[in-house]
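J.: Would you mind keeping the following structure in view while I ask a few things?
The values are calculated or read from the model by the stated rules, or taken from the named source; none is laboratory data. The model shown is predicted, which means the values in this text are computed figures rather than measured ones. Reconstructed Cβ throughout: ideal geometry from the backbone, glycine too, with neighbour counts over all protein chains shown. With ligands, DNA and RNA removed, areas are computed over all heavy atoms of the protein, side chains included. Shrake-Rupley method; radii C 1.70, N 1.55, O 1.52, S 1.80 Å.
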Amino acid sequence: MPRDRPAPDLPTPLAPLVDAHTHLDACGATDAASVAAILDRSASVGVGRVVTVADDLDAARFAVAAAHWDSRVYAATAIHPTRANVLTDEVRAEIDRLARDPRTVAVGETGLDYYWPGKLDGCAAVEEQVEGFRWHIDLAKRVGKPLMIHNRDADHDVLAVLLDEGAPETVIFHCFSSGPEMAQVCVDAGYVLSFSGTVSFKNSHDLREAAQLVPDGQYLLETDAPFLTPHPFRGAPNEPYCLPYTARALAEATGRTADEVAASATATAERVYRLV
């Protein structure tokens, strides 16, 4: 994560907000005190709860631990598609166990990433990703929790695998970044689209057009911190406290007020993650 720019200023508070997808470990959290410090910063601007998400086994263990350290934190556990080649029987057994923890609210992030194969050393091949995705879909259905999808350059195949396997009751497209055609297909299927700082980027015209098609009850807000810091702070380290910037960008893109976006996204997060 580049740290060549100073951290963004604290935004004007907007409450209540839930960061539906973040990576507290990648933000620098290592223990209960550092988790609490990040959550204290986010709570000061209205982001009172977060879902910290795993992309490998160590991150899955950390996510569940963090959710037990701090009641404002919930976990999502899975193996990222680019790492699907590590899904041995032993890894699957532990991800299964972690997914059943009462503080785990989703199976994720899983899905398909067609950008990195051939570019990233050790990246799982497409066939390995598809196999891992199918296993995670089954896991989400077995544990009765939402499926959190990572989709990069794989719209058709993600939808095809979901159709072939039978989608779980709740499907969340984390960091939705496709255009209006994909958004409409997802909305019609009843899937939930989670918007990150990319909706604020100057070149994200198709994404903002897509956002206009998503009704209340079918969108979430996320930071994906420490990545995808909202405009005008691109290149700076992201954290959950930055979520109000994204909320306001989505409001501008969709003709809603920021308060309306915050209230709707928070109600959806509470419903799909069964937050208490």
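J.: Could you check segment 165-199 and list, in sequence order, the residues that are open to solvent by less than 10 Å² (accessible area, probe 1.4 Å) and either small (Gly, Ala, Ser) or not in a helix (DSSP H, G or I) (or both)? Talk me through it step by step, then tell me what you get.
T.: If we filter segment 165-199 for residues that are open to solvent by less than 10 Å² (accessible area, probe 1.4 Å), which is where we start, we get 171-173, 176, 183, 186, 192-197, 199.
Result: 171, 172, 173, 176, 183, 192, 193, 194, 195, 196, 197.
J.: Look through segment 1-28, keep the residues that are over 23 Å from residue 80 (Cβ atoms) and open to solvent by less than 50 Å² (accessible area, probe 1.4 Å), and return whichever of them is nearest to the chain's Cα centre (by Cα).
T.: 17
J.: Take the residues of segment 29-48 that are of a type outside the set (A, V, I, L, M) and open to solvent by less than 50 Å² (accessible area, probe 1.4 Å): which is farthest from residue 123 (Cα to Cα)?
T.: Among those that are of a type outside the set (A, V, I, L, M) and open to solvent by less than 50 Å² (accessible area, probe 1.4 Å), it is 46.
J.: Could you say whether any residue in segment 148-159 is at pLDDT 95 or above, in contact with a helix residue (DSSP H, G or I) (Cβ under 7 Å, 6 or more places away or on another chain), closer than 24 Å to residue 42 by Cβ and charged (D, E, K, R)?
T.: Looking for residues that are at pLDDT 95 or above, in contact with a helix residue (DSSP H, G or I) (Cβ under 7 Å, 6 or more places away or on another chain), closer than 24 Å to residue 42 by Cβ and charged (D, E, K, R), one finds none in segment 148-159, hence no.
J.: Please list, ordered by first then second residue, the pairs with beta carbon atoms under 9 Å, 6 or more apart or interchain, first in segment 203-216 and open to solvent by 100 Å² or more (accessible area, probe 1.4 Å), second not β-branched (Val, Ile, Thr).
T.: Short answer, once both residue conditions are applied: 212/180; 212/183; 212/253; 212/255.
J.: Can I ask one more? Kindly indicate whether any position in segment 234-248 is free of Cβ contacts under 8 Å to residues at least 60 places away in the same chain and touching a Lys or Arg at 6+ places or on another chain (Cβ under 8 Å).
T.: No - not one qualifying residue is present in segment 234-248.
J.: Can you find even one residue in segment 25-42 that is under 24 Å from residue 232 (Cβ atoms), in a helix (DSSP H, G or I) and among the small types (Gly, Ala, Ser)? So that I can check it myself, show each step before the final result.
T.: Residues of segment 25-42 that are under 24 Å from residue 232 (Cβ atoms), as a first pass: 26-28, 38, 41-42.
Keeping just the survivors that are in a helix (DSSP H, G or I) gives 38, 41-42.
Now drop any that are not among the small types (Gly, Ala, Ser), which leaves 42.
Yes, segment 25-42 has at least one match.
J.: Assuming residue 223 fulfils every condition listed in (1) touching a residue at least 40 places away in the same chain (Cβ under 8 Å); (2) among the β-branched types (Val, Ile, Thr); (3) part of a helix (DSSP H, G or I) apart from one, which condition is it?
T.: Looking at each condition in turn, residue 223 falls short on (3).
J.: Could you go through segment 64-71 and let me know if any residue there is touching a strand residue (DSSP E or B) at 6+ places or on another chain (Cβ under 9 Å), outside any loop (DSSP other than H, G, I, E, B), surrounded by fewer than 22 Cβ atoms within 10 Å (Cβ to Cβ) and among the hydrophobic types (A, V, I, L, M, F, W, C).
T.: Yes - at least one qualifying residue is present in segment 64-71.
J.: Would you point out the residue of segment 249-270, among those that are more than 16 Å from residue 13 (Cα to Cα) and free of Cβ contacts under 8 Å to residues at least 24 places away in the same chain, that is least open to solvent (accessible area, probe 1.4 Å)?
T.: The qualifying residue least open to solvent (accessible area, probe 1.4 Å) is 256.
J.: Among the residues of segment 113-134, is there at least one that is in a strand (DSSP E or B) and either touching a residue at least 12 places away in the same chain (Cβ under 8 Å) or basic (Lys, Arg) (or both)? Spell out how you get there, then give the answer.
T.: The initial filter retains those residues of segment 113-134 that are in a strand (DSSP E or B), namely 113.
Filter once more, keeping what is either touching a residue at least 12 places away in the same chain (Cβ under 8 Å) or basic (Lys, Arg) (or both): 113.
There is at least one residue in segment 113-134 that is in a strand (DSSP E or B) and either touching a residue at least 12 places away in the same chain (Cβ under 8 Å) or basic (Lys, Arg) (or both).
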